[in-house]
1. Using the Cα centre as the reference, give the magnitude of the dipole from point charges on the C-beta atoms of the chain (Lys, Arg: +1; Asp, Glu: -1; all else neutral), rounded to the nearest 20 debye.
2. Please give the peptides 10-18, 95-103 ranked by average Cβ packing (other Cβ atoms within 10 Å per residue), highest first, as a rough proxy for protection.
3. What residues from region 32-75 fall in the zone where the backbone N is under 11 Å from a label point 7 Å along the Cα-to-C-beta line of Met127?
4. Among His91, Phe10, Ala66, which residue has its Cα furthest toward the positive end of the charge dipole of the chain, with +1 on Lys/Arg Cβ and -1 on Asp/Glu Cβ?
5. May I ask you to order 218-224, 86-92 by the average number of other C-beta atoms within 10 Å around their residues, highest value first?
6. Sort 174-184, 70-80 by the packing proxy (mean of other Cβ within 10 Å over each peptide's residues), most packed first.
7. Distance check, please: which entries in Lys50/Lys98; Lys48/Lys72; Lys167/Lys188; Lys26/Lys137 exceed 25 angstrom between their Cα atoms?
8. Note down, for region 85-133, the three equivalent ellipsoid semi-axes (square root of 5 times each alpha carbon gyration tensor eigenvalue), biggest first, whole angstrom.
Amino acid sequence: MKKLIIIPAFNESVNIANTVKEIEKKAPEFDYVVINDCSKDSTLDVLKEKHINYINLPVNLGIGGAVQTGYKYAFENGYDVAVQVDGDGQHNPAFLDKLCDALVNDNADMVIGSRFIENEGFQSTFMRRVGIMYFTKIIHWLTKATITDPTSGFRMANRKVIEMFAKDYPRDYPEPESVVCLLKNNFKVVEVPVQMKARQGGESSIKLWDSVYYMIKVSLAIFVECSRKHKENK
C-alpha cells in the first residue's frame with residue numbers, strides 16, 4: 001500500500017525537524033508531507049534548510065484546512081492510506097504499524113490512536129480531559145458508538161475516507177465533527193491504544209477561552225452534521 005503521513009504545522013519551528021526525523025527513523029515505509037499553514041515563525045526556513053517535503057499555504061487556513069490539503073495531496077497522488085501526525089512531537093510514529101494493522105485486520109475505514117484505552121503516556125491537561133469526556137458522551141448519545149479519544153489528531157484513514165475528506169472536511173477543530181460524520185455515514189471507526197508525549201516545544205495555540213469556544217462551536221457543528229445527515233436520508 002502507498003502510505004502517507006500528513007503533518008499540519010503552524011509555528012512549529014522548534015519541533016518540526018525532530019518530528020520528521022522521528023518519522024524517518026521509526027516509520028521509513030511511509031511517505032510524508034508537511035503542510036505549513038502560513039506560519040509566522042521560521043518554520044518555512046527550517047523546512048527549506050532541512051530539505052523536508054512540504055506544501056506551503058499562502059494564507060492561514062487553520063487546522064481543518066491544513067489537514068484537508070494533506071488529504072487532497074493524498075487523493076491526487078494515489079495513496080491508499082493517510083495518517084495525521086501533529087507537528088509538535090506528541091504523536092509517536094512507532095505506533096503507526098499498530099494503526100495500520102487495525103485498519104486492515106478490522107476492515108476499518110478510520111483508526112484513531114487513543115490515550116485513554118490503557119491510560120498510559122501523557123494524558124493531556126485536566127481541562128482538556130474534561131472536554132474529551134464531554135465529546136465522548138455527545139458522540140455516544142448521537143451515534144451509539146463509544147470513542148474514548150474523539151479529539152485525538154493521531155488518526156489513520158483508508159482510500160474511501162481520503163476521497164471523502166479531500167472533498168469536504170470540517171474547518172476548525174475538526175476531529176470530533178469528522179468522527180461523527182463518518183459514523184453517521186456508516187463508516188467503521190475503531191480505536192487502538194497508543195502512548196502520546198507532551199508537546200516537545202513551543203506553545204499550544206489553544207488557550208482557556210479558546211477551549212470554551214471550541215466546546216461550544218464543535219457541539220453546534222456536531223448537531224448540524226447530524227441534522228444534515230437526517231435530512232439527506234428523508
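1. Numbers: 30 positive and 30 negative charges, 136 e Å.
That gives the chain a dipole magnitude of about 660 debye.
2. On the way: 10-18: 20.8, 95-103: 18.9.
The peptides rank, most packed first, as 10-18, 95-103.
3. none
4. With unit charges placed on the Cβ atoms, the residue in question is Ala66.
5. Values: 218-224: 16.7, 86-92: 23.3.
Going from most to least packed, we get 86-92, 218-224.
6. On the way: 174-184: 23.5, 70-80: 18.2.
Going by the mean number of other Cβ atoms within 10 Å, highest first, we get 174-184, 70-80.
7. Numbers: Lys50/Lys98 28 Å; Lys48/Lys72 22 Å; Lys167/Lys188 19 Å; Lys26/Lys137 34 Å.
As for pairs spanning more than 25 Å Cα to Cα, those are Lys50/Lys98; Lys26/Lys137.
8. On the way: eigenvalues 100, 38, 19 Å².
After scaling each eigenvalue by five and taking roots: 22, 14, 10 Å.
Rule-based calculations on the coordinates, nothing more; no lab input. The structure presented is a predicted model; accordingly, all values stated were derived computationally and were not measured. So basically every Cβ, Gly included, is an ideal-geometry build from the backbone, and we count neighbours across all protein chains shown.
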